[in-house]
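Remarks on the structure that follows.
The values are calculated or read from the model by the stated rules, or taken from the named source; none is laboratory data. Note that the coordinates shown come from a computational prediction; the quantities given were computed from them, not determined experimentally. As a convention, Cβ positions derive from the backbone with ideal geometry for all residues, glycine included, and neighbour counts pool all protein chains shown. In case anyone asks, the SASA skips ligands and DNA or RNA and just uses the protein heavy atoms, side chains included. Shrake-Rupley method; radii C 1.70, N 1.55, O 1.52, S 1.80 Å.
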Amino acid sequence: QVHLVESGGGLVQAGGSLRLSCTASGGTFSSYAMGWFRQAPGKEREFVTATNWNGDTTYYADSVKGRFTISKDNNARNTVYLRMNRLKPEDTAVYYCAARLTGISTSSGRYDYWGQGTQVTVSS
């Protein structure tokens, strides 16, 4: 069983930055693909970004490309990060990290484990 815990959310002004962290316990973190998804009030959960097991392959939603960066620390930290720059009010959402045992994907339905989410609020 893999347990994921997100942190780093908060309130930030438009144009600001945040870094989210997702720390994993259980399983073999270094072998997992990891993704970040978000869900705004009244909307469905949407893909943000994902990385394969070693960071060689990454995908980004068009809405965040050039502003967000995913990185994965397979060493002692067992953590995946989401660096978010030039934040916009439309980035406001609960952000979830997810682990997939069998390769990178942009589809939330293909992820095996999920964190509880962390709130990001961007004020205008």
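What the table shows:
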| item | result |
| --- | --- |
| Residue-normalised accessible area of the range 17-122, given per residue in Å² at a 1.4 Å probe | 48 Å² |
| Estimated Rh, the range 14-69: Kirkwood, alpha-carbon pairs, angstrom | 13.0 Å |
| DSSP-loop GluC sites (Glu not before Pro) across the range 1-73, with at most 15 other Cβ within 10 angstrom | E44 |
| Accessible surface of K72 - all protein chains present, 1.4 Å probe, nearest 10 Å² | 40 Å² |
| Estimated vicinal HN-Hα couplings, Hz - the range 12-25 in sequence order (Karplus 6.51, -1.76, 1.60; Gly, Pro = x) | 9, 7, 4, x, x, 10, 9, 10, 8, 10, 9, 9, 9, 9 |
| Alpha-carbon centroids, the range 1-26 and the range 103-119: separation in whole Å | 14 Å |
| Residue-by-residue Karplus 3J(HN,Hα) for the range 82-90, coefficients 6.51, -1.76, 1.60, Hz, glycine and proline x | 10, 8, 10, 10, 6, 5, 10, x, 6 |
| Semi-axis lengths (Å, descending) of the ellipsoid that matches the C-alpha gyration tensor of the chain | 23, 14, 14 |
